[in-house]
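Participant: Structure below; questions to follow.
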Amino acid sequence: MVSRFSSHLWLSLWAFVVFLGYAQAADEVKTKLGNATIDRTVQLRTHSIFAPYIDQDLQNRWWDFGADAYINTNKYIRLTRNKPSEMGWLWSRLPLTASNWVVEVEFKVSGESSHLFGDGMVIWLAKDRAKPGPVMGSVDNFNGLGVFLDTYANTRHPYAFPRIYAILGNGQTSYNHDSDGEEQQLGACSANYRRTNVATKLKITYVKDTFLDVKVQYKAWDDWSDCFFVEGISLPSSPYLGFSAQTGDVSDNHDIIAISTYSAITKSLSKDSQSSSKSRVSVPGISSSSWSGFFFKLFLLIGVCVGGYYGWNEYKRRTARGGFGGGGYQRVLVGMEDLEGFIRIRRGSEVGAVGE
């Protein structure tokens, strides 16, 4: 029985080690790639906007908006109303010069219909700005990145809409409207961000020549869902940040609530730490600090298991010898009976002495 317990113990321990190792790798790969990681961020006022959106001259120093877009100073920048054949746009006046950046957008897509709605909106990081066109209200053959929030499927797909996907344009390739750009997509996910009861947000993180990460909040507050993650991607330098939306025969309200843009400052590993890490066990994408935490948890688990194992054996040994349970209890009872006999004899002797 002891050998069976020991084998089960080590089998469970091995399974836990494998699971913990994979969990560590999954957590680290998205925050640290190669020799760099995002250390901190600095907000860029030139590429951020919040209510009331405009100044006393009904303008914004850093942003332009046009076509059918209009502003409700207390609530939103509405790119399109819930009416057919509308389009609107919002573009930064200055290019985004940061090499690494984070763009967080709070948006809202809403409408009265629960089954027919569209078409969608796009977040642009492109070389050309404020040029209306057929691609969700912006120009075709774009040069840069477009992150599409597409709510209407133009053909049948094995996945559900609304859909979020990214396309990297080279300035020459036209967007395939009929297939919703399916063959051009870098990454995609389905997310029901339309008509939700929570604030819907999209977070785009880019580290130059390293990765592009897109997350979406639509289930609950501060509950970010991974959408897609692309490694080894290079975007055009100094793009303009823009937003556009379009409706066709079906329609929706497409609103921008707030935009927060940050310059991301990366932290490179020092040469000393890199050289020392080579002498230790290393896995691509996993830092030495994560391994330290992993081995600490492993040794802690081994200590608990070994302590429990020896404690269990000691309990069995003492039980077999009568160290616990009924044996000890019986000895206590015997001791009490002897004490009672001694008291009776003592009392008898005292009574005899008095009689004499």
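The values are calculated or read from the model by the stated rules, or taken from the named source; none is laboratory data. Predicted model only: the values in this text are computed from it and were never measured. When we count neighbours, we look across all protein chains shown, and the Cβ atoms used for this are built from the backbone with ideal geometry, even at glycine.
Participant: Are any residues in region 41-71 among the polar types (S, T, N, Q) and either at positive phi or assigned to a loop (DSSP other than H, G, I, E, B) (or both), and if so, which ones? Step through it out loud before you land on a result.
Facilitator: Step one: filter region 41-71 for residues among the polar types (S, T, N, Q), giving 41, 43, 46, 48, 56, 59-60.
Correct list: 48, 56, 59, 60.
Participant: Sort out which residues of region 228-255 are buried (at least 22 other Cβ atoms within 10 Å of the Cβ) and either touching a helix residue (DSSP H, G or I) at 6+ places or on another chain (Cβ under 7 Å) or farther than 29 Å from residue 85 by Cβ (or both), and write them in order of number.
Facilitator: Residue satisfying the conditions is 241 alone.
Participant: So which of 166, 160, 153 ends up being out of contact with any Pro (no Cβ under 7 Å at 6 or more places or on another chain) and not in a loop (DSSP other than H, G, I, E, B)?
Facilitator: Just one listed residue meets the conditions, 166.
Participant: Separate question: Would you tally the residues in region 180-233 being part of a loop (DSSP other than H, G, I, E, B), on the phi < 0 side of the Ramachandran plot, in contact with a strand residue (DSSP E or B) (Cβ under 8 Å, 6 or more places away or on another chain) and of a type in the set (D, E, K, R)? Let's see the steps before the verdict.
Facilitator: Residues of region 180-233 part of a loop (DSSP other than H, G, I, E, B): 180-181, 191-193, 195-199, 208-210, 218-223, 232-233.
Keeping just the survivors that are on the phi < 0 side of the Ramachandran plot gives 191-193, 196-199, 208, 210, 218-221, 223, 233.
Now narrow it down to the ones that are in contact with a strand residue (DSSP E or B) (Cβ under 8 Å, 6 or more places away or on another chain): 191, 193, 198-199, 210, 218-219, 223, 233.
When the remaining residues are screened for being of a type in the set (D, E, K, R), the result is 219, 223.
The total comes to 2.
Participant: For region 101-131, which positions are crowded, with 16+ Cβ neighbours inside 10 Å, under 14 Å from residue 80 (Cβ atoms) and of a type outside the set (Lys, Arg)?
Facilitator: Restricting attention to region 101-131, the residues satisfying the condition of being crowded, with 16+ Cβ neighbours inside 10 Å are 101-109, 111, 117-130.
Within this subset, residues satisfying the condition of being under 14 Å from residue 80 (Cβ atoms) are 107-109, 111, 117-122.
Those that are crowded, with 16+ Cβ neighbours inside 10 Å, under 14 Å from residue 80 (Cβ atoms) and of a type outside the set (Lys, Arg): 107, 109, 111, 117, 118, 119, 120, 121, 122.
Participant: On the given criteria, is residue 68 more than 17 Å from the chain's Cα centre (by Cα) and either at pLDDT below 80 or over 20 Å from residue 99 (Cβ atoms) (or both)?
Facilitator: Values: more than 17 Å from the chain's Cα centre (by Cα): yes; either at pLDDT below 80 or over 20 Å from residue 99 (Cβ atoms) (or both): yes.
For residue 68, the condition - more than 17 Å from the chain's Cα centre (by Cα) and either at pLDDT below 80 or over 20 Å from residue 99 (Cβ atoms) (or both) - is met.
Participant: Kindly indicate whether any position in region 189-210 is acidic (Asp, Glu) and modelled with pLDDT of 95 or more. Before the answer, list the steps.
Facilitator: Step one: filter region 189-210 for residues acidic (Asp, Glu), giving 209.
Keeping just the survivors that are modelled with pLDDT of 95 or more gives none.
There is no residue in region 189-210 that is acidic (Asp, Glu) and modelled with pLDDT of 95 or more.
Participant: In region 182-227, which residues are of a type in the set (Val, Ile, Thr), free of Cβ contacts under 8 Å to residues at least 40 places away in the same chain and surrounded by 14 or more Cβ atoms within 10 Å (Cβ to Cβ)?
Facilitator: From region 182-227, those of a type in the set (Val, Ile, Thr) are 196, 198, 200, 204-205, 207, 210, 214, 216; that's our starting set.
The next check asks that each one be free of Cβ contacts under 8 Å to residues at least 40 places away in the same chain; those that pass are 196, 198.
Matches in region 182-227: 196 only.
Participant: Here's something else I'd like to know. State yes or no: is residue 112 under 27 Å from residue 192 (Cβ atoms), out of contact with any Phe, Trp or Tyr (no Cβ under 7 Å at 6 or more places or on another chain) and either outside the structural domain of residue 211 (by TED's automatic domain parsing) or at pLDDT 95 or above (or both)?
Facilitator: Judged against the criteria, residue 112 is not a match.
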